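Colleague: For reference, the structure I am asking about is given below.
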Amino acid sequence: MKTVLLLGDSIRLGYERYVKAMLEGVADVYTPGDINNGTAQFALRWVHEWKRRCAFPDDLDLVHWNAGLWDVLHILGDDTLSPPDFYGDTLRRLSERLRLIFPKAKQVFALSTWVQEEQYRGEYKRKNSDIELFNDIAIKTLSPMGVEFDDLYSVAKNAPAECWSDMTHFNTVDGIKRIGGAVVDCLCEQLGIDKGSLVEREAKLFEIPESILGC
């Protein structure tokens, strides 16, 4: 059976239960539980310890990972939490770290998702122009390293209103189907899994929506 590790921020926390349920019996899906990746630097600091604490196997087939929404965050009108050049260098180091601890795993980087920036209020702000810049940095940095990409930015940008639970997240039935479904599609393509064999599962998963909706 295929083995997959999902790493990422609260967007990943939202779709991970759906992905696990959709791929049950086809792929073992690992995550660091309720840990939010946060910034790329935070993930770089902790990923080797998450591997040990959560007993991730050494011979994973694929790591689907992301860091970005925290890196682009503006707090009290300041610049992005991570400067762009620093972000790119940290992604490079993080990809190398993942290659070191999971040497057999293919890597897929999920582009950070579009946000409803006009709805942000108070001391925190995210801008789609920053997200686009940082996604571009990710592509330019990671492509030469053989990393593939899951374009969740476009999936989120075109999401209808009923998918959103707030200006950033997709913790609704429609949102999980949209974002989680895109991740499942990506994983199936990368791992050679027949997505058609999983179609009938989705309706059963949402008979009790609370069992699938993330944080």
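Just so it is clear, none of the values below were taken in a lab; they were calculated from the coordinates. All values derive from a computational prediction rather than experimental measurement. Reconstructed Cβ throughout: ideal geometry from the backbone, glycine too, with neighbour counts over all protein chains shown.
Colleague: First measure r as the distance between the Cβ atoms of ILE101 and SER129, then evaluate 1/(1 + (r/R0)^6) with R0 = 45 Å and state the FRET efficiency to the nearest 0.05.
Modeller: Approximately 0.85, to the nearest 0.05.
Colleague: Could you pull out the pairs from LYS157/LYS195; LYS104/LYS157; LYS106/LYS140; LYS127/LYS195; LYS104/LYS125; LYS51/LYS157 whose alpha carbons sit more than 28 Å apart here?
Modeller: Checking Cα-Cα distances, LYS104/LYS157; LYS127/LYS195; LYS104/LYS125; LYS51/LYS157 exceed 28 Å.
Colleague: Which parts of region 67-96 would a label at ASP166 reach, counting a residue when its backbone N lies under 17 Å from a point 7 Å out along Cα-to-Cβ?
Modeller: 69-76
Colleague: Something else: Read phi for every residue in region 139-151 and hand back ³J(HN,Hα) as whole Hz from Karplus 6.51 cos²θ - 1.76 cosθ + 1.60, θ = phi - 60°, with x for Gly and Pro.
Modeller: 4, 5, 7, 8, 4, x, 8, x, 7, 8, 10, 10, 7
Colleague: Could you list which residues have their amide H under 5 Å from that of TYR30, counting only those 5 or more apart in sequence or on another chain, with H placed in the peptide plane?
Modeller: Under 5 Å from the amide H of TYR30 lie the amide H atoms of VAL4, LEU5, LEU6, each far enough along the sequence or on another chain.
Colleague: Given H placed 1.01 Å from N in the peptide plane, which residues other than close sequence neighbours of ASP150 have an amide H under 5 Å from its amide H?
Modeller: PHE109, ALA110, LEU111
Colleague: Identify, among PHE109, TYR153, ILE11, the residue whose Cα sits farthest towards the positive end of the charge dipole of the chain, taking +1 on the Cβ of Lys and Arg and -1 on the Cβ of Asp and Glu, with the dipole about the Cα centre.
Modeller: Positive-most Cα among the choices belongs to PHE109.
Colleague: For region 94-215, just say rounded, prolate or oblate: build the C-alpha gyration tensor, square-root its eigenvalues into a ≥ b ≥ c, call rounded for a/c under 1.5, and beyond that prolate if a/b exceeds b/c, oblate if not.
Modeller: Oblate, since a/c reaches 1.5 and b/c is not below a/b.
Colleague: Per residue of the chain, what 222 nm ellipticity follows from adding -39500 (n - 2.57) for every DSSP H run with n ≥ 4, rounded to the nearest 500?
Modeller: Calculated mean residue ellipticity at 222 nm is -13500 deg cm²/dmol.
Colleague: Taking a virtual spin label 7 Å from the Cα of ASN36 along the C-beta vector, which residues in region 86-125 bring their backbone nitrogen under 19 Å of it?
Modeller: Output list for this probe position: 110-125.
Colleague: Within the set of other residues whose C-beta is less than 11 Å from the C-beta of TYR120, count the net charge using Lys and Arg as +1 and Asp and Glu as -1.
Modeller: 0
Colleague: Let me make sure I get this right: for region 12-55, a, b and c are the square roots of the gyration tensor eigenvalues over alpha carbons, sorted descending. Under 1.5 in a/c it's rounded, otherwise prolate if a/b > b/c, else oblate. Which is it?
Modeller: It is oblate, given that a/c is not under 1.5 and a/b is not larger than b/c.
Colleague: I've got another one for you. Looking at the chain, which longest stretch skips every one of the GluC sites (Glu not before Pro) that is in a DSSP loop with at most 14 other Cβ atoms within 10 Å, leaving the sites themselves out?
Modeller: 25-122
Colleague: VAL115's amide H: which non-local residues (gap 5+, or another chain) put their own amide H closer than 5 Å, with H modeled 1.01 Å from N in plane and none for Pro or chain starts?
Modeller: Here the answer is none, since no amide H 5 or more places off falls under 5 Å of that of VAL115.
Colleague: In whole Hz and in residue order, list the ³J(HN,Hα) couplings for region 89-98 that follow from phi through the Karplus curve 6.51 cos²θ - 1.76 cosθ + 1.60, θ = phi - 60°; x for Gly and Pro.
Modeller: Per-residue couplings from phi come out as 5, 5, 4, 4, 5, 5, 4, 5, 5, 4 Hz.
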